[in-house]
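Worksheet: the structure to be examined is printed underneath.
The values are calculated or read from the model by the stated rules, or taken from the named source; none is laboratory data. Treat the numbers as computed from the prediction; the structure is a model and nothing was measured. FYI the Cβ positions are ideal-geometry reconstructions off the backbone, even for glycines, and counts take in every protein chain you see.
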Amino acid sequence: MSQPSSTPKRVRVTRSRRVSQRASWRPVAAELDEQTGVGDVYLEGLMRAQFRLSVLVLILLVVGLGGLPVLLIVFPTTRSLTVIGVPFPWLVLAIAFYPTMWLLARWYAAQSARVERQFRDVLSGR
Amino acid sequence: MTSSLSLVAVGAVCLLTIVFGALGLRLSRATSDFYVAGRSVSPRMNASAIGGEYLSAASFLGVAGLIYDFGVDQLWLPVGYTTGYLVLLVMVAAPMRRSGAYTVPDFAEARLQSGRVRLVASTLVVAIGWIYLVPQLQGASLVLQIVADVPGWVGGTVVAIVVILAVGAGGMRSITFVQAVQYWIKLTALAVPAFVLIVLWVRAGHPAPDVPSTSWEVALTPRAEGDHPTYRVYSTLIALSLGTMGLPHVLVRYYTNPDGNAARRTTVNVLLLLGLFYLLPPIYGVLGRVHLPTMPEGVRSDSIVLRLPGVVVGGLGGDLLTAVLAAGAFAALLSTASGVAMSVAGVLDQSLMRPWVARLSGGDAGMPVGFRLAALAAVAVPYVVSRLVEPIGLATMVGLAFAVAASTFAPLLILGVWWRALSTIGAIAGLLTGAVAATAAIFASIALRPVDGWPGWTGALLSQPAAWSVPLATLVTVVVSLSTPASVPPGTTRLLVRLHTPEGVDVSRSRPDD
């Protein structure tokens, strides 16, 4: 280790420099509000999480409901198949569909609220 | 089939609507009371009100009529009416509430900062609302013709007057109470007779329905040569799933939720209430085939719900059940008609009446004057149309309103909530494309129809335009937006912050000022 030309003056450390750090603390909400790069990242994250959840529900809907005519065409026997005395398409469309929709909606609402709770926690926890 | 019981029941429903409207008058003071009930409605109450408003004559009478006529493939109608709320829930419910706007044109203007977008959206709200009101008024005529043997114009006139009084008197606050009550009236009115009919059917040894054709019983079977049932099913599903969010009277309800999360919980409750209700119409359609396999000459199948108790039960019991159903049908008509009229009146008031009244009175007249004039105009125009055009089936006519709404407002709302690059010019281009495509197709399929109908695919594409007009409008919106980046409004990011940030996070200057 080479010796510098002049050694810096010795400093006595008595406490951490917390105070000056605290002064620079800014709420994340302000970042969102002022459209800084950091705020954009947070908002991007929230929107992407919500959007992914919404798209997942839509995919379930398209596959489950939009797939029904495909099923009926590809396997024509399903058109006349009877389950507990009711033809299969009637059973699905007139009865089973409705409770399924409600449960799916409930699940979505709970998940969506959870995403928002996490977002809120991140903001207040910083 | 004259029945004084039915008349009493219908009269009671009308009276109830006006009385609640008058009660609301006492409570309505500020502008926000008129529009959004002061934003103090709980998710349960709101869900009942949405159910009450949404379940129209098309659901109460029309769905059973179509199932009676065409069978299994018509089960997609109530399915589509329900998925509409699921799509609304996952795409726009919470952000829409957080936008802090009153109406769809308000949202369009706030999101795109353009008066021109507002003008286009306002025009569309009024047009869709009027299309939607016509079948409600025709349904009223149908009900009174059957239960009271009065001339056709009476029912429509009664409903038009009651709606003008109720909407003009109290605005949204009264209507929220009325709508919530009317959901439960409708559910009971359809459920009790259905229960009686099922019990009688089982006691009679559950006879099989008299199936008119293979396509009635077997899914996706063409009704005739050149019929495309699969395309029809998909196009209907697209129109109803996306059209729901674009119906002007639907989103207005979301502004009455206290916050975005409540908007979601409200929608979940709505799906439960709709599911309960839509279990019932197929029962009437199928039992109609059991007990009344052929309709008398010149009678619309929309009336199957009202005719069934008279045929099956007969006597006083039959009259009583018919009266209950007539009351329910009227509740359905009145609630939907007043909800739609409310939205149309709101838009007319804001963009036409208020400036006009202010100019005439020099600013002295209070807000209700303009609003009441708007309510009158909102109902008078579809009333005249309903007298002039031939009825084409309640659920079919309502389907047209859905198709136009899906082709215009659905792309605007979904892209507006989720896509930063949406530009003002792109939005206008998309709205106009969707509106022109959907209305032109529908006009061609009804007014320019050749005597034996448009052949094959032409007929299918024209009468069910949603499957191509919605993607077209979306494509135009996206392409034009991408090629006009200069007209993306400057505050877009800040607005998206407002739409997606949960309540309770203090985004100081991004809060809506309400």
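General remarks:
- Inter-residue pairs, beta-carbon under 7 Å, first more than 8 Å from every other protein chain (Cβ to nearest Cβ) and in segment B:66-80, second part of a helix (DSSP H, G or I) and among the acidic types (D, E), 6+ apart: B:G71/B:E217
- Number of positions in segment B:254-263 that are surrounded by 23 or more Cβ atoms within 10 Å (Cβ to Cβ) and not in a loop (DSSP other than H, G, I, E, B): 5
- Inter-residue pairs, beta-carbon under 6 Å, first away from chain A (no Cβ under 11 Å) and part of a loop (DSSP other than H, G, I, E, B) and in segment B:200-227, second of a type outside the set (S, T, N, Q) and exposed (fewer than 13 other Cβ atoms within 10 Å of the Cβ), 6+ apart: B:D210/B:P293; B:G226/B:P455; B:G226/B:G456
- Wholly enclosed helices (runs of 4 or more DSSP H) of segment B:384-487 bearing at least 3 residues out of contact with any helix residue (DSSP H, G or I) (no Cβ under 7 Å at 6 or more places or on another chain): B:424-446, B:456-463, B:466-483
- Whichever residue in segment A:104-126 is in contact with a helix residue (DSSP H, G or I) (Cβ under 9 Å, 6 or more places away or on another chain) and closer than 11 Å to A:A49 by Cα and, among such residues, is nearest to the other protein chains (Cβ to nearest Cβ): A:E116
- Yes/no for B:T294 being closer than 30 Å to B:S469 by Cβ and of a type in the set (S, T, N, Q): no
- Segment B:275-290, subset aliphatic (A, V, I, L, M) and assigned to a helix (DSSP H, G or I), residue farthest from B:Y54 (Cα to Cα): B:V290
- Cβ-Cβ under 6 Å pairs, at least 6 apart or on other chains, segment B:42-57 side β-branched (V, I, T), far side buried (at least 24 other Cβ atoms within 10 Å of the Cβ): B:I50/B:R253; B:I50/B:V270
Residue-wise test of (1) modelled with pLDDT of 90 or more; (2) among the basic types (K, R).
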| residue | (1), (2) |
| --- | --- |
| B:T176 | no, no |
| B:K186 | yes, yes |
| B:A191 | yes, no |
| B:V218 | no, no |
| B:L237 | yes, no |
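- Only one of the numbered conditions (1) aliphatic (A, V, I, L, M); (2) under 21 Å from B:G115 (Cα atoms); (3) without any contact (Cβ under 8 Å) to a residue 40 or more places away in the chain is not met by B:A473, and that is (3).
- Filtered by the rule that a residue be more than 7 Å from chain B (Cβ to nearest Cβ) and crowded, with 20+ Cβ neighbours inside 10 Å, segment A:89-103 gives a lone residue, A:V92.
- Which numbered condition B:D319 fails, given (1) acidic (D, E); (2) within 12 Å of another protein chain (Cβ to nearest Cβ); (3) crowded, with 17+ Cβ neighbours inside 10 Å: (2)
- Restricted to segment B:70-183, the set of helices (runs of 4 or more DSSP H) holding at least 2 residues that are farther than 21 Å from B:S303 by Cβ and under 17 Å from the mean Cα position of the chain (by Cα) comprises B:76-91, B:115-148.
- Members of segment A:64-82 that are within 7 Å of chain B (Cβ to nearest Cβ) and assigned to a helix (DSSP H, G or I): A:P69, A:L72, A:I73, A:R79, A:S80
- In segment B:430-466, of all residues being aliphatic (A, V, I, L, M) and surrounded by 21 or more Cβ atoms within 10 Å (Cβ to Cβ), the one that is farthest from B:T123 (Cα to Cα) corresponds to B:A460.
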